[in-house]
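Participant: Would you mind keeping the following structure in view while I ask a few things?
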Amino acid sequence: MSSSASLSVHPVDQKLPGGKLAALGLQHVLVMYAGAVAVPLIVGRALKLSPDEVALLISADLFCCGLVTLIQALGATQWFGIRLPVMMGVTFASVAPMVAIANGNPGQAGAQLLFGSIIGAGIVSILIAPLVSRMLRFFPPVVTGTIIAVIGITLMRVGINWIFGNPVGPTAPAVVDPAYAKWLADVTSPGSSLPPAPNGIALMPTVPNPKYADLSGVGISALVLVSILLIVKFAKGFVANISVLLGIVIGAIAAAAMGLMTFDKVAKAAWVDVVLPFHFGMPIFDPVLIFTMTLVMIVVMIESTGMFLALGEMTDRKVSQQDLARGLRTDGLGTLIGGIFNTFPYTSFSQNVGLVAVTGVKSRFVCVAGGVILIVLGLLPKMAALVESLPTVVLGGAGLVMFGMVLATGIRILSGVDFKTNRHNAMIVAVSIGIGMIPLLAPNFKQWMPHGIHPLIESGILLTSITAVVLNLFLNGARHDEAASIAAARQAEAH
């Protein structure tokens with residue numbers, strides 16, 4: 001009786017035992033954690049907030065990540081929640097405009113302006129979600145497969161930077177020669193016979209940075225990657241499903257043994273801290289800033305459409321226009337909640353879509369468990385500090401697997417597309433991926449273009465989405481081939 005009952009339940013709606021749910025949910029949290037805390041770190045510093053206030057932003061972010069994940073995965077009324085295995089996190093698409101607002105208005109006033117624009121954009125997003133969901137017929141498999149492949153390629157840069165160090169900032173590939181720096185300091189010091197140096201003069205970095213691509217860090221990333229591959233090859237069942245989590249744990253132990261992972265932040269952090277709304281005061285609503293953030297949210301919702309369709313194909317659950325509207329409306333609701341609780345716009349995290357592909361676990365209750373863990377992390381700063389102490393090199397080895405699986409999902413969907421009798425499909429894929437690579441390979445291409453359009457062109461995922469949709473309309477027309485979508489979904493599952 002119980003076996004027949006379990007067969008009648010769709011894999012997305014299956015409730016796993018508590019222990020499995022907790023471990024799989026924690027795996028989802030670890031996968032998204034670095035991305036989730038990166039945005040409050042970047043924006044908090046741009047606002048010139050104190051370290052304690054930046055820590056508050058991180059806790060608020062984790063709390064809201066969990067809350068919005070529960071709404072999206074569990075569902076709330078008939079209006080909100082796509083009820084798929086979705087983890088919600090702060091969207092990186094919003095970072096550039098938020099940093100611009102923060103740089104122009106630092107401190108508490110900037111925070112009030114920023115959160116006002118986020119609340120306004122959240123309300124507008126809830127209202128326009130049904131309009132965006134009606135665009136479903138513009139996303140046949142040739143379009144969704146291309147978008148998902150580019151999402152994987154774009155995310156790969158994140159994973160590679162986790163391994164080697166970011167190409168900008170403290171681990172840049174080159175640093176200023178200390179001898180040059182000393183000479184410049186000497187000749188420009190008070191009392192020097194030389195005239196003062198012009199404003200803005202800087203030495204060019206020419207010396208390889210010893211912190212970049214450090215072999216000990218690369219070794220830990222390699223250990224994590226090899227551990228995941230060995231667990232996938234030789235383990236079975238549940239242990240194989242949490243291969244990414246086990247790989248991260250092995251990497252963390254190695255990092256701690258080598259002295260790369262310290263626990264100072266854990267010792268200093270408080271045990272419990274409650275996240276309160278409007279910490280920085282009542283928000284200020286600026287129509288221009290709200291419009292800017294709304295444009296970002298439209299970008300986010302188009303990206304989310306690709307994510308939801310990918311998850312629908314991975315989990316063999318058809319995503320209807322009503323489902324899509326509920327999911328996109330939750331993006332808007334999450335952004336509204338984010339503005340109220342001193343945090344940022346929310347979207348479905350593509351990293352976790354890759355994890356669904358890696359593990360093959362389709363139950364949305366795994367993400368519900370992840371949401372509960374995130375809420376707890378948001379209320380327990382000590383626990384958050386422990387996870388935050390993970391060096392990025394540990395996450396890098398896992399990142400290659402997860403982000404590569406997103407790319408593989410796109411390729412699997414494209415393998416079900418008709419390239420033999422319809423030569424236009426190959427042209428759509430070729431041109432869309434090429435244009436999507438522009439921000440990745442030439443990030444300064446927009447320097448002479450109007451600043452107002454920068455948010456719309458600096459995302460390779462968005463450029464690919466727009467190009468693929470427009471080319472498909474131009475070359476194939478707007479008909480929605482339901483059979484082709486189902487065939488592509490089955491092709492993705494069969495591999």
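The values are calculated or read from the model by the stated rules, or taken from the named source; none is laboratory data. Here the structure is a predicted model, which is why all the values come from computation and not from measurement. When we count neighbours, we look across all protein chains shown, and the Cβ atoms used for this are built from the backbone with ideal geometry, even at glycine. Just so you know, the surface numbers come from the protein's heavy atoms only, side chains and all, with ligands and any DNA or RNA stripped out. Shrake-Rupley method; radii C 1.70, N 1.55, O 1.52, S 1.80 Å.
Participant: For Cα extents along the principal axes in Å, the choices are (i) 87, 51, 48; (ii) 75, 65, 56; (iii) 72, 55, 52; which was calculated from the structure?
Facilitator: (i)
Participant: Under 27 Å Cα to Cα from LYS182, which lysines show up? Leave out anything in the same chain fewer than 8 places away.
Facilitator: LYS211
Participant: Let me ask something additional. Could you give the DSSP H helices of the chain that reach 30 angstrom or more along their long axis (alpha carbon positions) and whose average Kyte-Doolittle hydropathy is no lower than 0.0? Can you show the working numbers first?
Facilitator: Numbers: long enough: 18-46 (41 Å, 1.28); 51-74 (34 Å, 1.50); 107-133 (37 Å, 1.60); 141-164 (34 Å, 1.68); 287-315 (40 Å, 1.70); 392-414 (32 Å, 1.88).
Taking the DSSP H segments of the chain (at least 30 Å long, mean hydropathy at least 0.0), we get 18-46, 51-74, 107-133, 141-164, 287-315, 392-414.
Participant: Sticking with this one: Which of the peptides 19-29, 257-267, 216-226, 56-66 is most tightly packed, and how do the rest follow, judged by the mean count of other Cβ atoms within 10 Å per residue? List each step's numbers first, then the result.
Facilitator: Details: 19-29: 21.2, 257-267: 12.6, 216-226: 19.6, 56-66: 26.4.
Highest-to-lowest ranking by the protection proxy: 56-66, 19-29, 216-226, 257-267.
Participant: Placing unit charges on C-beta atoms (Lys and Arg positive, Asp and Glu negative, everything else neutral), compute the dipole magnitude of the chain about its Cα centre in debye, rounded to 20. Could you put the intermediate results ahead of the total?
Facilitator: Details: 27 positive and 21 negative charges, 186 e Å.
In total the dipole reaches around 900 debye.
Participant: Please work out how much length the chain gains when fully extended from ALA179 to ARG134, using 0.36 nm per residue of separation minus the C-alpha to C-alpha distance, in nm with one decimal.
Facilitator: On the way: separation 45, 0.36 × 45 = 16.20 nm, distance 6.16 nm.
Full extension from ALA179 to ARG134 adds 10.0 nm.
Participant: Next up: Would you check the accessible area of MET282, probe 1.4 Å, heavy atoms only, in square angstrom rounded to 10?
Facilitator: Accessible area, nearest 10 Å²: 130 Å².
Participant: Still on this model: Taking a quarter of the surface of the Cα convex hull of region 159-316, what do you get in nm²? Don't skip to the answer; put the middle values down first.
Facilitator: Numbers: hull surface 74.9 nm².
Computing the convex hull of the Cα atoms and averaging its projections yields 18.7 nm².
Participant: How much length, in nm to one decimal, is gained on full extension between GLN78 and GLN322, taken as 0.36 nm per residue of separation minus their Cα-Cα distance?
Facilitator: Numbers: separation 244, 0.36 × 244 = 87.84 nm, distance 0.94 nm.
Full extension from GLN78 to GLN322 adds 86.9 nm.
Participant: Projecting each Cα onto the charge dipole of the chain (Lys/Arg +1, Asp/Glu -1 at the beta carbon, about the Cα centre), which of VAL239, SER227, GLY399 comes out farthest on the positive side?
Facilitator: Result: VAL239, furthest along the dipole toward the positive end.
Participant: Between ALA172 and LEU473, what length comes free when the chain is fully extended (0.36 nm per residue of separation minus the Cα-Cα distance, one decimal in nm)?
Facilitator: On the way: separation 301, 0.36 × 301 = 108.36 nm, distance 4.24 nm.
That pair, ALA172 and LEU473, stretches by 104.1 nm at full extension.
Participant: When the helices in the chain are scored as -39500 (n - 2.57) per DSSP H run of 4 or longer and the sum is shared across all residues, what 222 nm value do you end up with, to the nearest 500 deg cm²/dmol? Write down the numbers at each step before the final one.
Facilitator: Values: 22 runs with 333 residues, N = 495.
Theoretical 222 nm ellipticity from helices: -22000 deg cm²/dmol.
Participant: Over 31 Å between Cα atoms, which of LYS265/LYS362; LYS20/LYS318; LYS382/LYS446 qualify?
Facilitator: Working: LYS265/LYS362 35 Å; LYS20/LYS318 26 Å; LYS382/LYS446 42 Å.
Long pairs (Cα-Cα over 31 Å): LYS265/LYS362; LYS382/LYS446.
Participant: May I pose another question? Between PHE285 and LYS446, how many nm apart are label points set 7 Å from Cα along the C-beta direction?
Facilitator: 2.7 nm
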